[in-house]
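Student: Just passing along the structure, written as structure tokens.
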Amino acid sequence: MKYPDTFRLRSGAGQGRIENGLCFMETVALIAGEPITDYPKCASPVLTSLGIQLNDGLPEDCRQRLLPLAVSMAGTRSTAHERERIEILGRAACRIAKVAADLTDNPMVRLAVRVTDAFWDTLSIQAAAEATQAADAASAAARSAECTTRFAESAAARTAAKAAQAAWITAEGNADHWAAEAVGGTARAAETTANFTKPCMIPEIQDMAIAALQEAINAGPHSALSIPHAQARFDLVSDRLPVRVVA
């Protein structure tokens, strides 16, 4: 797929109007030949949720890195592969939480992430419960931290809580959007932690979130599009898209 240099994914949905611009999932719907919506029928519900979160949560320049995944996202809807994709996203949330934990000096946050990481060896309800308890303890410890470190530690504690949430969802076998929200929430909280401690780590955290989406897409059916047909659908409406000058 080739997109004009002036085409930029917008933050938030364009409400189905080409003239308003397109977010990531609306672009997927368009090139798949569906009515323009941010919940196209051709895409996995869990991956759709993560795609929306990344589209709306990433800064302008980084958001454009989702565009090459649009073709791959089409055709990902598959009930048989949702659980595997949820597990992939849960493991990714834990990896992102580890980065945030390493940016703080709070031992409770680090312990919570280690307990959650151990869950992935067993995938048991008991291990998920232990991860949740550890994350709750980390949150309590962060609230009592000194003001100078509270913001960073609170954000890191949120990453531990979101990673534990992803573990619980996996253990219960729930195939719903909460798994994707756990990844998106972990990434946002990790970025906040880095912003207060080591801003140069923010791009790495963003890379990890996008890579999680790519890995989960590849875990099941995807790219169910004829590229020439997809290109023709985009080109048909491209002159109605808002022009955004790229500096």
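Student: Show the residues, 5+ positions off or on another chain, whose built amide H is closer than 5 Å to the amide H of Glu34.
Tutor: none
Student: Shifting gears a bit: Given the rule -39500 (n - 2.57) for each run of at least 4 DSSP H residues, summed and divided by the residues of the chain, what is its mean residue ellipticity at 222 nm, to the nearest 500 deg cm²/dmol?
Tutor: Taken over the chain, the calculation gives -21500 deg cm²/dmol.
Student: Another one. Could you give the radius of gyration (one decimal) and Dmax (whole number) of the Cα atoms in region 80-132, in Å?
Tutor: 11.9, 41
Student: Now for a different question. With a 1.4 Å probe and every protein chain kept in, tell me what percent of the accessible surface of region 55-130 is carbon plus sulfur.
Tutor: Carbon plus sulfur share of accessible area: 52 percent.
Student: Which of rounded, prolate, oblate describes region 14-54, given a ≥ b ≥ c as roots of the alpha-carbon gyration tensor eigenvalues and a/c under 1.5 marking rounded, otherwise prolate only if a/b is larger than b/c?
Tutor: Note, shape of region 14-54 comes out oblate.
Student: To continue, here is another question. Using per-residue counts of other Cβ atoms within 10 Å, averaged over each peptide, order 237-243, 8-14, 43-49, 183-189 from highest down.
Tutor: Descending packing order for the listed peptides: 183-189, 43-49, 8-14, 237-243.
Student: Then there's this: Compute the acute angle (0 to 90°) between the alpha-carbon long axis of helix 202-218 and the principal axis of greatest extent of the alpha-carbon atoms of the chain; round to the nearest 10°.
Tutor: Helix 202-218 and the main axis of the chain meet at about 60 degrees.
Student: Residue by residue through region 120-129, which ³J(HN,Hα) values in whole Hz follow from phi under the Karplus form 6.51 cos²θ - 1.76 cosθ + 1.60 (θ = phi - 60°), with glycine and proline marked x?
Tutor: Using θ = phi - 60°, the values come out as 5, 7, 10, 6, 9, 4, 4, 5, 5, 5 Hz.
Student: Using only Cα atoms, find the angle between the long axis of helix 79-102 and the longest principal axis of the chain, and express it within 0 to 90 degrees, rounded to the nearest 10.
Tutor: Helix 79-102 sits roughly 50 degrees off the main axis of the chain.
Student: Express the accessible area of the chain per residue in Å², computed with a 1.4 Å probe while the remaining protein chains stay in the model.
Tutor: Counting only protein heavy atoms, the per-residue value for the chain is 45 Å².
Student: Another one. Of [x] -0.32, -1.07, -1.30; [y] -0.32, -0.96, -1.13; [z] -0.37, -1.07, -1.28, which is the value of log10 I(q)/I(0) by the Debye sum over Cα atoms at q = 0.08, 0.15, 0.17 Å⁻¹ derived from the coordinates here?
Tutor: [y]
Student: Given a cut-off of under 8 Å on Cα pairs at least six residues apart, what relative contact order in percent is computed for region 29-161?
Tutor: 20 percent
Student: Just how large is the dipole of the chain about the Cα centre, in debye to the nearest 20, putting +1 at every Lys and Arg Cβ and -1 at every Asp and Glu Cβ?
Tutor: The calculated dipole for the chain is roughly 280 debye.
Student: Expressed as an acute angle from 0 to 90° and rounded to the nearest 10, what is the orientation of the C-alpha long axis of helix 45-57 relative to the principal long axis of the chain?
Tutor: Approximately 90 degrees, to the nearest 10.
Student: Over the chain, what is the relative contact order in percent, taking alpha-carbon pairs closer than 8 angstrom and at least six residues apart?
Tutor: Rounded, it is 28 percent for the chain.
Student: Lys and Arg at +1, Asp and Glu at -1: add these up for the other residues within a Cβ distance under 10 Å of Ser78 and post the number.
Tutor: So the environment of Ser78 carries a net charge of 0.
The values are calculated or read from the model by the stated rules, or taken from the named source; none is laboratory data. As the structure is a prediction and not an experimental result, all values here were calculated from the model. Neighbour counts are summed over all protein chains in view; Cβ atoms, including those assigned to glycine, are modelled from backbone coordinates with ideal geometry. Remember, those area values only see protein heavy atoms, side chains included, never the ligands or the DNA or RNA. Shrake-Rupley method; radii C 1.70, N 1.55, O 1.52, S 1.80 Å.
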